[in-house]
Every structure is written in structure tokens, then in C-alpha cells.
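Please treat every number below as a calculation from the coordinates, not as lab data. Keep in mind that this is a model prediction, so the values were computed, not measured. Every residue, glycine among them, receives a Cβ derived from its backbone with ideal geometry; neighbour counts consider all protein chains shown.
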Amino acid sequence: MSGAAWALLAVGAVVALTLAVGVFGLRVSRTTSDFYVASRTVTPMVNAAAISGEYLSAASFLGVAGLILARGVDVLWYPVGWTAGYLILLLFVAAPLRRSRAYTLPDFAEFRLESSLARGVASGLVVIIAALYLIPQFRGAGLTLHLVTGAPTWVGSGLVAAVVVIGVAAGGMRSITLGQAVQYWVKLVALAVPLAFLAISARGGSSTVWHSLDRVGDAAWLEPLQGPYALYLTYSLILATFLGTMGLPHVVVRFYTNRDGAAARRTTVNVVILLSLFYLLPPAYGVLGRHLTGAATSPDTALLSMPGAAFGGTLADLLTAVLAAGAFAAFLSTSSGLVLSLAGVLSQDVMGRRLAPVASFRVAAVGGALITLALTWLSTGLAVAHAVELAFAVSASTFCPLLLLGIWWRGLTAAGAIAGLVTGGLTSGVAVVCAMAGYTPTGLIGALLSQPAMVTVPLTFAVMIGVSLATSATVPTHVIRTMIRLHTPESVAVDRSGFRTRVPES
Amino acid sequence: MTKDPPPRVRVTAPVTARRRRTTVVSELDAESPIGEVYLRSLLRSQLRLALGVTAVLVVTVGLLPLLFALVPWLRTLEIAGVRIAWVLIGVCCYPILIALARAYLRRAERNEQDFRDLVAPLTGAPNAEPEGDR
């Protein structure tokens with residue numbers, strides 16, 4: 001079957017490229033600081049491409065187009081929210097977070113709250129969010145390889161896990177910074193080229209497509225706000241994606257590689273531009289896919305079956321291979337970032353100082369990836385897009401309030417922050433557990449469980465503020481000093497010494 | 001905010017030892033009440049800017065679902081054979097996000113420039129001289 005051969009060739013090329021960049025990185029990264037943060041020599045444009053390349057995951061590449069095909073115009077809010085999340089991050093978090101010199105979210109919690117318990121709670125949440133986000137990447141890889149070659153699903157997920165661990169453990173951050181920046185353009189081209197062919201094949205232009213959709217009785221699919229509780233679900237999704245982005249562990253790590261706070265802002269503006277460009281494409285696939293294949297296909301693999309439905313023959317095989325390669329670029333880049341941040345937290349907070357830093361980082365990367373891979377093979381039928389959605393909801397209900405209040409309100413106490421993180425983690429965690437167990441009730445409860453953010457985010461804010469006010473005598477001793485460092489530009493020579501960041505400087 | 005009269009130039013020899021002790025930076029480092037006033041002004045200007053941009057985001061992008069809920073004919077409106085709802089959400093949101101991001105970047109850097117101008121002339125630091133964009 002030549003289709004499988006083409007697809008294997010394309011996937012193999014992406015894997016080889018990733019490994020080559022990883023091995024190249026091994027030769028340049030020597031110190032621990034290189035490993036973690038590429039020694040902060042990355043320019044805003046390269047860093048923005050790296051952030052975007054890392055961020056565009058299985059859900060963005062495969063999931064959104066499939067969901068639009070299945071559910072219609074309401075799904076367009078996913079890509080809008082995933083982009084707007086960076087605008088909110090720019091407004092409230094980017095520069096102060098870089099100036100805090102925190103490398104991970106637990107670093108920030110410890111620095112701002114001066115509490116190692118707060119650090120521990122934040123570490124636990126990072127592990128949960130990273131795993132929740134990593135599982136769909138591994139599963140997506142399994143499904144994709146299965147669809148294009150017929151291989152069992154564990155082959156694809158195992159392949160991605162192996163490549164990511166080799167890349168991260170061998171080269172560390174520098175290799176994957178270069179790799180991620182390349183991956184953005186790989187993904188954009190891999191999505192744009194087949195789309196051009198599909199659009200040409202849908203002769204007669206957009207109005208023909210729309211009218212054929214009208215004729216086949218898809219009027220409901222074309223209209224926003226379909227189904228029960230549509231307005232609640234839409235606004236809850238908007239809240240989760242707009243506020244959840246800032247708390248994703250693999251996003252925060254990237255900000256440390258900016259030179260200073262101003263560079264962090266410029267990087268974020270570039271990210272908004274690059275993501276806006278990319279996210280114009282998936283809706284076009286959704287509309288063309290509905291036109292070509294109808295509503296019957298499964299959302300997670302709909303994108304890959306479109307060239308076959310439109311053309312057939314070698315052209316279809318080639319275009320499917322291009323899409324599969326782009327999808328693997330998505331799995332590899334997002335998984336790299338997640339394994340990196342998972343390894344960062346595990347090696348610093350769980351394994352302690354028994355091993356040398358670099359050795360401990362490598363062991364943590366291998367261990368973290370293997371455990372998540374086992375979870376992927378064990379957990380049953382959690383749809384790719386829904387797992388990512390829930391990761392955003394957990395992040396928005398925990399780290400978003402911590403970052404916003406920690407950066408802008410000096411009254412936040414360790415007790416208040418911990419109470420809020422636990423409340424937000426538990427309430428949004430109920431939705432995660434129900435989804436993993438396959439419990440999907442209908443009615444209002446079902447709506448609340450599938451999109452919990454509208455309830456859990458305000459609740460967490462209320463708990464953090466309320467408990468902080470009740471314990472206002474325990475405001476961290478150095479909070480004014482912390483605020484000065486978070487907000488004064490680097491060009492003003494205030495005393496910035498005495499940070500308890502655990503990233504060794506080169 | 002920067003309309004204060006320029007610092008007086010004395011003809012006598014400067015009392016360097018005393019001046020070093022009372023710079024804004026040293027007030028900030030000492031967490032003195034004066035330093036806190038400066039910090040508060042910076043924090044407030046940046047927070048007001050961020051909340052203002054958020055308000056524009058809410059009024060433009062954020063009100064779209066409510067608009068579709070309240071004005072049902074917008075959901076099925078078609079211009080030149082294209083559903084307007086798809087264009088409004090899937091295309092029009094992105095230029096708004098980019099425009100807001102760029103507008104914020106400019107103003108946030110200006111706020112920091114103002115703060116630096118407020119602080120630097122008194123410090124005598126070498127970075128007090130250059131004006132405008134970096």
C-alpha cells in the first residue's frame with residue numbers, strides 16, 4: 001500500500017529532523033543553564049515561533065478542524081480563545097513573570113508567597129496539568145499512525161514518547177527551542193498546502209460550498225449557539241481558554257528564555273500574530289470537510305481522511321502524508337515542551353539533590369514520559385479535544401488567580417493562595433475525573449461538568465481573596481520588595497539580588 | 001505627569017554623598033513611604049492600561065455570543081453567500097486581538113519610560129540621557 005509508505009516516509013522525515021536538532025543541541029549545551037533555558041540568548045521572533053510551535057498541539061492541528069466538522073460554528077471559539085489567552089497573558093503576566101526570574105510556576109509561587117508549602121501545591125498542580133495535556137498528544141499520535149499505516153495505536157504513542165525523551169534528555173532546552181521554532185513553520189505549511197488543493201477541488205468557490213451545506217439540511221450546523229445551555233457553554237469555554245493559557249506549564253517556562261521583561265512583551269505580541277495566522281486554516285478545513293465527507297467521520301481523524309474523500313490516487317496519498325507529518329510535528333513539539341516542564345518540576349521538587357542537576361533532569365524526563373505513556377495506554381476513550389479543554393479549565397481555575405492576584409495585589413497571602421489552589425484544583429478536578437471515568441450526564445449538571453470554568457474560576461478568586469483578607473497579618477515579609485522587582489523596568493537599577501530561584505546561573 | 005520643573009542647578013559644588021542617599025532608587029530599595037508612592041504610581045498606571053485593554057476586548061470579542069443570543073437574525077445572516085457569524089468569530093476576532101496587543105505594547109513601554117524619566121534624573125545614572133523608543 002503506497003499510501004502507508006508515503007505517510008511513513010513523511011513521519012520519518014519529521015522524526016529525523018527532530019532528532020537531528022536534538023543531537024546538534026547536545027554539542028552546544030554544556031551547562032545546566034543551557035539545559036533549562038538556552039542561557040537566555042533567544043531573540044523575540046525566534047522565541048515567538050518557538051512558543052507558537054510548541055503551543056500548536058494535536059488539538060489545534062487535528063482536533064479543531066474535526067470538531068468544527070462535527071459541531072459547527074460554536075467550535076470557532078476554541079482557536080479564538082487559544083489566541084486571546086496570549087493577549088491576556090501579555091496584559092497581566094508577561095513582563096512581571098519574566099522579571100520575577102521564576103523558571104516554573106512553583107518557582108513563582110515560592111518567590112511571591114515565601115512559602116515552601118505553596119511551592120509544593122503548585123508543583124502537584126503542574127504535574128496534573130502537564131499529564132492531562134500530554135495524554136491527548138500521545139493518544140493523537142497513536143490514532144494518526146493507526147489511520148495512515150494500520151499500525152496498532154501503541155506504536156505511534158510509544159514512538160512520540162521515545163523521540164521526545166531522547167530530544168529533551170540529550171539536548172535540553174536549547175535543542176528544543178530551535179526545534180520548536182522550525183516546527184511552527186512545518187505545521188503552517190503542512191496545513192496550508194493540502195488546504196490549497198482541497199479549495200481548488202471544491203470548484204465554484206465559497207458560495208457553492210455554503211449552499212450545498214444549506215441543501216443537505218445543515219442549517220443548524222451553520223448557526224451559532226446550538227443545543228441546550230449553549231450560551232453558558234460558550235462563555236465558560238471563553239473564560240477557560242482566555243484565562244487558562246497563562247497557567248500552562250510549558251508556556252510559562254518559555255518566558256524565562258526572554259532577555260528581559262520588555263523582550264517578553266514583544267515575544268508575546270509576535271505569538272498573537274503567529275497564532276492568528278495559523279488559526280485561520282482549521283475552520284476552512286472544517287467547512288470543506290463538511291462539504292466533502294458529511295457529518296459521519298470521527299472528529300479526531302476527520303482531517304486526515306479529507307484528501308482521500310476529495311481526490312483518491314497518489315495525490316490523496318501525498319496530501320495525507322503531508323498532513324500526517326504536520327500532525328507528528330504537533331505531537332512532538334507540544335510533548336517536548338510538556339516533558340521538559342514536567343522534568344523540571346520532578347527533578348527540582350521531587351527528586352531533591354541526590355543526583356547532579358543534569359543527571360537528575362535526564363532521569364526525570366525519562367520517568368515523567370514513561371508514567372504518562374502508561375496512563376495513556378490505561379485511560380480509556382478520553383477524546384483528544386476534551387482532555388485539552390479540561391487542562392485549560394484546571395489551569396484557569398488554579399494558576400490564573402495565583403498569577404493575577406500574586407502580581408497585582410500585595411494582599412495575597414500564602415494561606416489564601418493555597419486555599420484557592422486547592423479549591424480550584426478540586427472543583428475542576430471533579431470534571432476531569434468524571435470525563436476520564438466516562439460519566440457524561442445530560443442537563444445542567446452535564447453542562448457544568450463539561451465546561452466547569454464559569455463556576456470554578458470565580459470561586460477560586462473568591463476563596464483566594466477571602467482567605468487572604470482573613471489572614472492579612474501573614475502577608476509575606478518581603479512583598480513590597482517583590483512588587484518592586486516584578487514591576488520596575490530593568491533599566492532602573494533597583495536592587496534585584498537575593499532571588500531564591502533554583503535555576504543555576506551560568 | 002512629567003511636567004515637573006527641571007531640577008535646580010546649583011553653582012556650588014554638588015554634595016554627592018548626601019545626594020546618593022536620597023535617590024528614588026534608594027527610596028525604592030529601602031521600601032520607604034516615598035518609594036512606595038513611586039511604586040504605587042507605576043503599578044496603578046500599568047494596571048489601569050491592562051484593564052482598559054481588557055474592557056475593549058470584552059466589548060468587542062466578548063459580547064459576540066450575547067449578541068447572537070439577543071439578535072437571532074444575525075445567526076443566519078448571509079452576505080455574498082457567506083454566513084456572517086462564521087466570519088465574525090473565525091476571521092474578525094484575530095485582527096482585533098493583534099491590534100489590542102500592539103496598542104498595549106506601545107503604551108506599556110511608554111508608561112515604563114515615564115517611570116524611568118521620573119526616577120533617572122535624580123539617580124544620575126548613565127541611562128538617564130536617551131529619550132524615546134529603545
May I ask you to evaluate 6.51 cos²θ - 1.76 cosθ + 1.60, the Karplus curve with θ = phi - 60°, for each residue of the stretch B:76-91 and list the ³J(HN,Hα) values in order in whole Hz, giving x for glycine and proline?
10, 4, 10, 10, 6, x, 10, 5, 5, 4, 5, 5, 4, 7, x, 10
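Working from the alpha-carbon coordinates of the stretch B:28-122, get Rg over Rh, Rh being the Kirkwood radius.
1.25
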DSSP H segments from chain A that extend 24 Å or more along their own axis, Cα-based, with Kyte-Doolittle mean of 0.5 or above:
A:2-28, A:116-149, A:153-201, A:261-278, A:313-345, A:357-378, A:384-408, A:414-436, A:453-470
From zero up to wherever the largest Cα-Cα distance of the stretch A:78-138 sits, split into 10 Å bins and tell me the percent of pairs in each.
20, 35, 39, 6
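Charges at C-beta only: +1 for Lys and Arg, -1 for Asp and Glu. How large is the resulting dipole of the stretch A:379-506 about its Cα centre, in Debye rounded to 20? Walk me through the intermediate numbers first.
On the way: 6 positive and 4 negative charges, 63 e Å.
Approximately 300 debye in magnitude.
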To the nearest Å, what is the center-to-center distance of the stretch A:301-324 and the stretch B:32-103, using C-alpha atoms only?
38 Å
Residues with amide H under 5 Å of A:Ser115's amide H, sequence separation 5 or more or different chain, H placed in the peptide plane at 1.01 Å from N; which?
none
Taking max minus min of the Cα coordinates of the protein assembly as shown on each principal axis, largest first, gives extents in Å of 89, 59, 46
What ³J(HN,Hα) values, in whole Hz, does the Karplus curve 6.51 cos²θ - 1.76 cosθ + 1.60 give for the stretch B:36-52 when θ = phi - 60°, with x put for Gly and Pro?
5, 4, 4, 4, 4, 5, 5, 4, 5, 5, 5, 5, 4, 4, 5, 5, x
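Using the Cα atoms as the points, what is the convex hull volume per residue of the stretch A:370-442 in Å³? Present the calculation step by step, with values, prior to reporting the outcome.
On the way: hull volume 8.7 nm³, N = 73.
It comes to 120 Å³ per residue, whole-number rounded.
Calculated from DSSP H runs of 4 or more alone, at -39500 (n - 2.57) each and per residue, what is the 222 nm mean residue ellipticity of the protein assembly as shown, nearest 500? Walk me through the intermediate numbers first.
On the way: 30 runs with 466 residues, N = 640.
Computed ellipticity for the protein assembly as shown at 222 nm equals -24000 deg cm²/dmol.
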So for the stretch A:320-421, using the alpha carbon gyration tensor with a ≥ b ≥ c as root eigenvalues (a/c under 1.5 gives rounded; past that, a/b versus b/c decides prolate or oblate), I'd call it oblate
The stretch B:32-117: relative contact order in percent, alpha carbon pairs under 8 Å with at least 6 residues between
39 percent
Once you charge only the Cβ atoms, +1 for Lys and Arg and -1 for Asp and Glu, what is the size of the charge dipole of chain A about its Cα centre, to the nearest 20 debye?
1240 debye
Loop-resident sites, the stretch A:395-492, for chymotrypsin sites (Phe, Trp or Tyr not before Pro), counting at most 14 other Cβ within 10 Å (DSSP)
A:Tyr439
